[in-house]
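Heads up: the structure comes next, in structure tokens.
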Amino acid sequence: MEWLDAILSSSVRMGTPILLAALACLPTLWTRDINIGLEGIMIFGAFFGVAIGLVTGSVWVAITVTVVLAAIVGICFGLLVTSLKVDVFVAGIVLFVFAGGATAYLLDTIFGAKGNLADPSIPALPVITIPGLEEVTVLGGLLSGHSILTWTAVVLFIAMLVLDRTSVIAVYLKAAGSHPQALATSGVRVNRMRVLAQMWCFVLASLAGIQVSLGQLSLFTVGMTGGVGFVALAVVIFARGNVALTALISLAFGAATALTFQVDKNVVPHELTSILPYAAALVALIFISRRSRRPKLAAA
Amino acid sequence: MNAGTVPVLRARAITKSFGTVTANDRVDFELNRGEIHALVGENGAGKSTLMNMLYGMFRPDSGDIELDGVPADFQHVDDAIAAGIGMVHQHFMLVPEFTVEQNITLGAEPRKLGFIDRKVSARAIQEPMRLIGFQIDPKRRAQDLSLAEQQRVEILKVLYRGAKIIILDEPTAILAPQETEELFKTLRSLASHGVAVIFITHKLWEVMEVADRVTVLRAGATHGTFPVDTIEIPDVVALMTGRTDVGLGRTPRSRPARPDRLVAANLRGRQTPDCAVDAVSFSIRGGEILGIAGVDGNGQNSLVALLTGVASADTGELHLDGVDIAQTSLSARRERGIAYVPEDRHRDGLPVHASVIEGLAGVRLASRHGISVLKPAISRSLTDWARGVVDRYGIKTASIRAAASSLSGGNQQKIVLARELETRPKLMVMAQPTRGVDIGAAEGIYAAIDALAAEGAAVVVVSADLDELLRIADRILVLYRGGIAADFDANTVSREQLGAAMTGGNLREAA
Amino acid sequence: MTTQTLERTTRVRGHGQIARVARVLIAPVAGLLVAVALIQAGGFQPVPTILVGLEYALGSIDAIARTLAWGLPLYVATLGVVVGFRTGLFTVGAEGQIYVGALVGAVSGAFIGGMLPIAHQAVSLALAALVAGALSAGLGWLAAHWNVDIVLSSLLANYILVPVCIFLANGPFNDPAAEAPGATIPILPSAEFAGLLPRTQMTWGILLVVGLATLVWWVLERSIAGYRWRMIGEAPGFAAATGVNIGRWQILAMAGSGALCGVAGAFLVLATQGRFTSEIAVGLGWIAIMLALMGRSRPLLAIVWVTVYSVMQAASRRIEQVADVPSDIALLVICTILIAAAAAPGIVQLVTDVGRKRHGMA
């Protein structure tokens, strides 16, 4: 039974960055400005979380500063895509490639490190253990011992669920993507909605990145997000903009990723098992595409 | 009709340029309270540009606008909306997945702390519905509504925002005759409530029937404003085109009876999002021009797709000169002598950003197979041929290497038509052949269609413009819900008969 | 997505000479500024440092040869991406396909013995093209017939193909004596491309690359096949309405794209590295994608940008030696240039509009 607990716990832990990144990307799906540079934002988040945590010693400062920076950069990205009319596909690719290069550069110039940054004084994300629940099988693994960002993700999920149904902003975001002229001729500034969506994306995706670096081993390795941002992209496409489905599929992928670590390294080396989430996503993509029209990543 | 001395809207010396193109050149326009004012002009005359500026979508380079005598400067659409101006665009501004209620209230939802107040919203939309006497289930999705219903929702939308001036851009383009009549009733009712209506159209009989005054635009400038009872249609046409020789009537025609060239039997199939064509059978003789009429969405697009091979038929037969082609591909059909002028010139007709010669070459190059695809595309012989085509068809372009986007709509359509005619087709399928084309170029297109029929080809013309069909077709098929509602002789049918068939009138009991 | 959506930024306002010049200059100037800033931040004088780097990259025949030699695989890979993009297929699977090509080239080079050098090289390249091309064509088939989004499928494919290649390199094809991780057995001498200039790594492979570049340019820009691909990319509705079999030609484009990337990977092994290693082409596919975007999916312009990038790469390697500034700056500068180039028309329009407003118009 401990084995089940371990898997559940690890599923939630692996699923958190996927969920955060997917929730991040969702409004950009609504506005049809899907940000494929999600992975890049996560790498930045992972790096800055560690860097600021190391320099200030405080995980709270690290989170706050990273989030604020992400919001600012997100607004700039939004302006790039709206006012400067840069194609969001191009911008996303550049974001992804730039993130890899920039974090390696900063790692070297600021910390003199190449490849990774590990230091005992890098703080870790606070973990919430629920006393009493900790020992309960299944529930213990599922609910206790997770970082605050996991709980943040849950709160954000619920918030988005509510906003999706009833808020004016959600209506505007979806109209901005589905029929921007309709929204514009109703007097709403479409570009503001698009910029807002990008800002939201950057903020949540940077949190996802922090979860990856500070939420596990409290270190930074080049490329440590390992394509998780692209898995989140797949999740968002599969869920077709539905908030509840997004969460469900994110957790499914979290579980799939957790399972790959369960396989005995001597039977199947990790290189092969690491492809499981991506292979699953590809198979799901093929299966789902056969049946209906799906939003595309490079939609005209 | 006209109340008060100050016009509710006055635009003076409005000028607007886009790059090197002057869309509006010192245009004057005036609107009285409770008036229905028609704005006419050819394609590209500047009507939509002027209206878009009145609606605050962009600002004039110079000139001023006054509302009730007070100068107005609209920075943005919500300024115009706040000033009581509403616009119903030619292409509807309804979010397809949203409900009627969501679409009507878009941009002005009743809200509580950022959340939509559903109760207030449901109440608020009842008022405009009462005003125009149109009830509709607010929970229905916009994409499930008919075009006429969508237009009503658009009107509800502007009324919900408190519009006292309503601009309608080519509102009757997609309506059947009965629906047009109902729209006119609605407009007269609104006018009697003090709402002023501006109504862009290129159908002059509509102007005569419903408008109080008409303003004519030509090449971006005003060419007069007249009360409708002081002017006749030919005068308006002369002002619109600057010519007095434009043919308006039907070209008299007598053609020898020839054997059937195209025979469709129990054809069934669908091209989404149009409705399916359901067991349709008809035939076309050589030299005959068959018009296809119907409210958009009743199967015309599916029929075109089935005839050209864009969509494959589920069942049924389609014989061209005796050979069944129902299951063949579009390229095979082209090889058999079917030509196709698509409805959407910019999407399917020609590659707008490529050169003229690349647009002309499409069909000739598409027929090459195997290793010859590695041969050069633009050869000397192709260039010579293209130059010849441009000359023969009077296509106005700087050079054959110029981008197709630099040509006018009429000339672009000429490219498409020329290319298809050069294949000496046995069957020509055309959809909306003169959409977005000025009168002069349209004349040329009609002449070309006539010439093609005279050579013995069968021609199918799908058009939303009944006047066009009445003018050039020999027979008119009316499609309704994917089936043939009627088969009329174009020489003798009336608009009312067409309209009845288009809305299923023949199938309904007498009202 | 059509190629026009990527290019729609070119049709914005801002006529006149100044606007045109500005549009062209904004990108390189931005890149230069970033380079200067980064070197300055490292505590070194930017201008002399850049000159030193450029000297290393271009200062002599040997230098130029060395710079070009580094770039040869990138030319081929970028042209592969261009073929896909031009057809409207925004495939981002270059990384995976290069890896596959590299592995196939390494295995073919190491295990197929007893052949004449020309034949051995040709066979290795052909096999690499075949395997990578087939995989890419598979993605194209899925896109054409089952409507599978090509961006997502090619993206995911990278994360499947690369680990599988590394697994195979660590497994059956592994060379236990090698230091580098995931290294395969070195290729036989018959598979190596013969050197052209000593000490420069330039091989006769340059002829192959020039040949491929000419072929791609001819096919794409002049031939009927290229016409069909370009029409599918720019005006798919028109292509369909005039009888082009869109599905078949999309698959062919993907096959060509993959084949070229595969050749690029194999070339990397046969002409430079001599074996496959797990780090052999990290990021190369993504650079090819960016350079293809910089070249607006046009073969000639893309070749120009690959050349520029090769120079930047060589220069930054030298700068890292003398100035302790990480060689990542080449990547950072090219990213800046791409974004600046994409934003240039929009910037010019914005400035033009603001200027118009000031003068009391619009």
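Readers should treat all values here as calculations from the given coordinates under stated rules, not as data from a laboratory. All values derive from a computational prediction rather than experimental measurement. Cβ: placed from backbone, ideal geometry, glycine included. Neighbour counts: every protein chain shown.
What the table below lists for this structure:
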{"read-out": "10 Å Cβ neighbours from other chains, averaged over peptide C:224-237", "value": "6"}
{"read-out": "Residue order, fewest to most beta carbons within 10 Å, for B:His37, A:His179", "value": "A:His179, B:His37"}
{"read-out": "Alpha-carbon centroid distance for the pair region C:227-285 / region B:1-51, whole angstrom", "value": "53 Å"}
{"read-out": "Residue-averaged 222 nm ellipticity for the protein assembly as shown, from DSSP H runs of 4+ at -39500 (n - 2.57), nearest 500", "value": "-17500 deg cm²/dmol"}
{"read-out": "Of B:Lys119/B:Lys139; B:Lys119/B:Lys157; B:Lys16/B:Lys47; B:Lys16/B:Lys396; B:Lys139/B:Lys164; B:Lys157/B:Lys185, pairs whose Cα-Cα distance is over 20 Å", "value": "B:Lys16/B:Lys396; B:Lys139/B:Lys164"}
{"read-out": "Sites B:Asp68 and B:Asp296 - FRET efficiency at Förster radius 51 Å, r taken between beta-carbons, to 0.05", "value": "0.85"}
{"read-out": "Average beta-carbon neighbours from other chains, 10 Å sphere, peptide C:342-348", "value": "5"}
{"read-out": "Computed E for B:Thr383/B:Ser408 - FRET, C-beta separation, R0 22 angstrom, nearest 0.05", "value": "0.45"}
{"read-out": "Other protein chain Cβ atoms within 10 Å, averaged over every residue that makes up B:59-65", "value": "2"}
{"read-out": "Of the trypsin sites (Lys or Arg not before Pro) in region B:134-171, those whose Cβ has at most 11 other Cβ within 10 Å and which sit in DSSP loop", "value": "B:Lys139"}
{"read-out": "Lysines with Cα under 24 Å of B:Lys426, excluding same-chain neighbours fewer than 8 positions away", "value": "B:Lys414"}
{"read-out": "Residue (of C:Leu156, C:Phe238, B:Ala447) at the positive-pole extreme of the protein assembly as shown, dipole from beta-carbon charges", "value": "B:Ala447"}
{"read-out": "Low-density loop cleavage sites - trypsin sites (Lys or Arg not before Pro) in region B:339-418, where at most 15 other Cβ are within 10 Å (DSSP)", "value": "B:Lys396, B:Arg401"}
{"read-out": "All lysines inside 22 Å of A:Lys85 as judged from Cα atoms, apart from same-chain residues fewer than 8 positions distant", "value": "A:Lys174, A:Lys296, C:Lys357"}
{"read-out": "At 1.002 mPa s and 20 °C, Stokes diffusion of the protein assembly as shown via Kirkwood alpha-carbon radius, µm² per second", "value": "65 µm²/s"}
{"read-out": "Kyte-Doolittle mean at least -1.0, axial Cα span of 30 Å or more - DSSP H helices of chain C", "value": "C:17-41, C:61-86, C:117-146, C:246-267, C:299-323, C:329-358"}
